[in-house]
1. For residue B:14, which of the numbered conditions (1) within 12 Å of another protein chain (Cβ to nearest Cβ); (2) at pLDDT 90 or above; (3) over 29 Å from residue A:116 (Cα atoms) fails to hold?
2. Being closer than 17 Å to residue B:155 by Cα and in a strand (DSSP E or B) is the filter here, so list the residues in segment B:102-128 that pass it.
3. Consider residue A:25 carefully, then state whether it is touching a strand residue (DSSP E or B) at 6+ places or on another chain (Cβ under 9 Å) and either in contact (Cβ under 8 Å) with a residue 40 or more places away in the chain or crowded, with 17+ Cβ neighbours inside 10 Å (or both).
4. Which count do you get for residues in segment A:53-111 that are out of contact with any helix residue (DSSP H, G or I) (no Cβ under 9 Å at 6 or more places or on another chain) and not in a helix (DSSP H, G or I)?
5. Can you find a residue that is outside any strand (DSSP E or B), without any contact (Cβ under 8 Å) to a residue 40 or more places away in the chain and assigned by TED's automatic domain parsing to the domain that holds residue B:114 anywhere in segment B:228-245?
6. Could you tell me whether residue A:20 is surrounded by fewer than 18 Cβ atoms within 10 Å (Cβ to Cβ), modelled with pLDDT of 90 or more and assigned to a helix (DSSP H, G or I)?
7. Take the residues of segment B:19-34 that are over 16 Å from residue A:142 (Cα atoms) and at the interface with another protein chain (Cβ under 7 Å from one of its Cβ atoms): which is surrounded by the most Cβ atoms within 10 Å (Cβ to Cβ)?
């Protein structure tokens, strides 16, 4: 790898700080370089105000999602990654089913990682773009709590948007 | 399976939706409606697309304000109305008959009557017709000191007649004539023209001091684009003059 010598240099540096993130949902732990984890504004604030112990507990985020978040942070902490590389890597991370995306967007929101929040919510937005409400219901598995009359009324109010749909 | 995405997710996603998708997503469920119809979302959309609507929002008076989502709908309707296509004309070509007269004083040089049902329409769908006439001969000298040319459109059953062109040739062997058409308007545009002209061409050849007219071309042109107008536009124009006398 081209970046190997640099890694060696880093390895010989006196102490390289790491943080341990722990999912409180399934107690999975992740050891992460500090500069990678600090992309989360939430974690940075904890570290800055000395609230962070050796292990930082992350509530409501599963290990599976946390792994994705860390993957994103690692990619974006790599100074030699080109914009194109990052775009491709981001696209890979958000190529998930809608339920994973929802968990991911909540995680990005909680951990306050702006870039991840943007790509994930944009991906969800893209998945329902120009789709009529019936399709959106199906995608999200949302229950329709309108009565037929209510639905007809709200649909009539937005009739202009349904041009081209039956 | 029933699943409701948390409202934070809806709010985060809603910020990235276009107006059309937002409107459709409002119909998903009651909680989706609340997330997708908030003024925070629609206000920037309104001020981008229809700045005047945002001012309308505040000038509503009585302390009551209209949701921006509704204002956006209003804005869409108003801009769409501008693009509204004119209705199909109720006249059609086979209702019409063309007459073309070329005369000089009391003597008729050429007189032809042609129902449009007997003329091929232009392949481009424009109002331009080739009226074949059996070779009409007259002396070139007749053309030199002026003659009068009239093109009328008659509505079948003599229910109406409209003069497209009535002009005097000052002399010279002209073969191309145009005359401005009057404004059809719903407005009294005194002095302002219709922006359209009637055009007439005599297709002729000369043979030993005689002029032989082989065909007559007529059409309606827009002076803005110098193109022939479409058949539908011409019919809408003509029906204004012909159908009023039809009733």
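The values are calculated or read from the model by the stated rules, or taken from the named source; none is laboratory data. The model shown is predicted, which means the values in this text are computed figures rather than measured ones. As a convention, Cβ positions derive from the backbone with ideal geometry for all residues, glycine included, and neighbour counts pool all protein chains shown.
1. Against the list (1) within 12 Å of another protein chain (Cβ to nearest Cβ); (2) at pLDDT 90 or above; (3) over 29 Å from residue A:116 (Cα atoms), residue B:14 comes up short only on (3).
2. Of all residues in segment B:102-128, those closer than 17 Å to residue B:155 by Cα come to B:112-119, B:127.
Within segment B:102-128, B:112, B:113, B:114, B:115 meet the criteria.
3. Values: touching a strand residue (DSSP E or B) at 6+ places or on another chain (Cβ under 9 Å): yes; either in contact (Cβ under 8 Å) with a residue 40 or more places away in the chain or crowded, with 17+ Cβ neighbours inside 10 Å (or both): no.
It is false that residue A:25 is touching a strand residue (DSSP E or B) at 6+ places or on another chain (Cβ under 9 Å) and either in contact (Cβ under 8 Å) with a residue 40 or more places away in the chain or crowded, with 17+ Cβ neighbours inside 10 Å (or both).
4. Count: 7.
5. At the first step, the residues of segment B:228-245 found to be outside any strand (DSSP E or B) are B:229, B:231-245.
Next, from what is left, pick out any that are without any contact (Cβ under 8 Å) to a residue 40 or more places away in the chain: none.
No.
6. no
7. So, considering only residues that are over 16 Å from residue A:142 (Cα atoms) and at the interface with another protein chain (Cβ under 7 Å from one of its Cβ atoms), the one surrounded by the most Cβ atoms within 10 Å (Cβ to Cβ) is B:23.
Table: residues versus (1) more than 20 Å from residue A:21 (Cβ to Cβ); (2) in contact (Cβ under 8 Å) with a residue 60 or more places away in the chain; (3) more than 31 Å from the chain's Cα centre (by Cα).
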residue	(1), (2), (3)
A:105	no, no, no
A:122	yes, no, no
A:127	yes, no, no
A:143	yes, no, no
A:163	yes, no, yes
